[in-house]
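The values are calculated or read from the model by the stated rules, or taken from the named source; none is laboratory data. Computed from a predicted structure; not experimentally measured. Every residue, glycine as well, gets a Cβ built from its backbone with ideal geometry; the counts of neighbours run over all protein chains shown.
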Amino acid sequence: MNVFCIDIGNTHAHFGIVGGAGEAVDMAETPTARLDDPEQALGRALAAHRNNTPPEERAFSFCSVVPAASERLRAFFHTVAPETPLFQLTCRSRLGMPISYPAPEEIGQDRLANAVAATARHPLPCVVIDLGTAVTFDIVTASGGYEGGIIAPGLRIMTQYLHEQTALLPSLGDDLDVAGAIGHSTRDAMKIGCSIGFGGMVRALLEAVAGELARRGEPRPHVISTGGTARFLGDYLHPWNPRHEPAITLRGLARAWALNQPAAEALP
């Protein structure tokens, strides 16, 4: 079964089709503000999927951190695919792992999807680092399942905050590359502070998590990275050799869909 998966974030909704072997194809994104616009990428992809896939082979799974967008997606589905159930991953879904986090309803659904995929595809303990608007760490262990994580500012927040909260510092674009560690202009000084500081922050947080797990007798965790700013980490996580999985959230959504079907075989 191919599962059409949608991950609704604050600024963009990412989507793609996840096949039976866990591979994701046709990954794309659309602005969250326009996810229910039939002329945008998601609307066109849903129309094509509906036209090319028999009703009995259609499956849809989504997660969201924007409740209002969730309702808009449901209303949109009612018009484009009313005959197909739309599964939403929540902390009350069957996830293939326990949740030992004290307040499960506070966990972002995208973070749960990441943990579901990590549990299914990797040895535990596992740390999933999602590098987007915010940087999130999610920790999954064999004994506790989803235990919790960390939320820190993302790279774009760093650059925007410097510009917005100061009178003379410029706005930086997406190009943060600069040679050396000593800036010879205001712009280069900002680039160095943000890019090197960002990598150092992520490494320090990962080492703190690994240290706490080690004190509990857990082995060295496997590390998975995802998200658009992972490329700015450079060599900061080189000793950890993180596995970069751009589609981990979609894979988790597909597996969660399968786990919640009475007669369906769980996807890997």
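Right, residue 134: over 23 Å from residue 218 (Cβ atoms) and in the same structural domain as residue 197 (by TED's automatic domain parsing) or not?
yes
Please find, among 136, 186, the residue that is within 22 Å of the chain's Cα centre (by Cα) and touching a residue at least 12 places away in the same chain (Cβ under 8 Å). Lay out the reasoning, then the answer.
Working: 186 fails: within 22 Å of the chain's Cα centre (by Cα).
That would be 136, the only listed residue that is within 22 Å of the chain's Cα centre (by Cα) and touching a residue at least 12 places away in the same chain (Cβ under 8 Å).
Go through 139, 157, 150, 129 for me and flag whichever is in the same structural domain as residue 225 (by TED's automatic domain parsing), in a helix (DSSP H, G or I) and either surrounded by fewer than 20 Cβ atoms within 10 Å (Cβ to Cβ) or not hydroxyl-bearing (Ser, Thr, Tyr) (or both).
None of the others qualify; the one that does is 157.
If the requirement is being at pLDDT below 80 and within 28 Å of residue 96 (Cα to Cα), which of these qualifies: 233, 267?
267
Residue 115 is checked against (1) hydrophobic (A, V, I, L, M, F, W, C); (2) at pLDDT below 95; (3) out of contact with any Lys or Arg (no Cβ under 7 Å at 6 or more places or on another chain) and fails just one. What number does that condition carry?
(2)
From 200, 180, 228, 173, grab the single residue that is assigned to a helix (DSSP H, G or I), in the same structural domain as residue 128 (by TED's automatic domain parsing), modelled with pLDDT under 90 and out of contact with any strand residue (DSSP E or B) (no Cβ under 6 Å at 6 or more places or on another chain).
200
Testing residue 37 on (1) more than 17 Å from residue 116 (Cβ to Cβ); (2) part of a loop (DSSP other than H, G, I, E, B); (3) touching a Leu at 6+ places or on another chain (Cβ under 8 Å), one condition comes back false. Which one is that?
Among (1) more than 17 Å from residue 116 (Cβ to Cβ); (2) part of a loop (DSSP other than H, G, I, E, B); (3) touching a Leu at 6+ places or on another chain (Cβ under 8 Å), residue 37 violates only (3).
Taking residue 204 as meeting all but one of (1) in contact (Cβ under 8 Å) with a residue 24 or more places away in the chain; (2) surrounded by fewer than 16 Cβ atoms within 10 Å (Cβ to Cβ), write down the number of the exception.
(1) is the only condition that residue 204 fails.
Does residue 162 satisfy being among the hydrophobic types (A, V, I, L, M, F, W, C), surrounded by 13 or more Cβ atoms within 10 Å (Cβ to Cβ) and modelled with pLDDT under 95? Give the derivation first.
Details: among the hydrophobic types (A, V, I, L, M, F, W, C): yes; surrounded by 13 or more Cβ atoms within 10 Å (Cβ to Cβ): yes; modelled with pLDDT under 95: yes.
For residue 162, the condition - among the hydrophobic types (A, V, I, L, M, F, W, C), surrounded by 13 or more Cβ atoms within 10 Å (Cβ to Cβ) and modelled with pLDDT under 95 - is met.
I'd like to verify a number: residues in the range 157-210 that are within 16 Å of residue 230 (Cβ to Cβ) and among the hydrophobic types (A, V, I, L, M, F, W, C), how many?
Summing the residues that are within 16 Å of residue 230 (Cβ to Cβ) and among the hydrophobic types (A, V, I, L, M, F, W, C) in the range 157-210 gives 10.
State whether the residues of the range 23-40 include one that is of a type in the set (Val, Ile, Thr) and in contact with a Phe, Trp or Tyr (Cβ under 7 Å, 6 or more places away or on another chain).
No, because not a single residue in the range 23-40 is of a type in the set (Val, Ile, Thr) and in contact with a Phe, Trp or Tyr (Cβ under 7 Å, 6 or more places away or on another chain).
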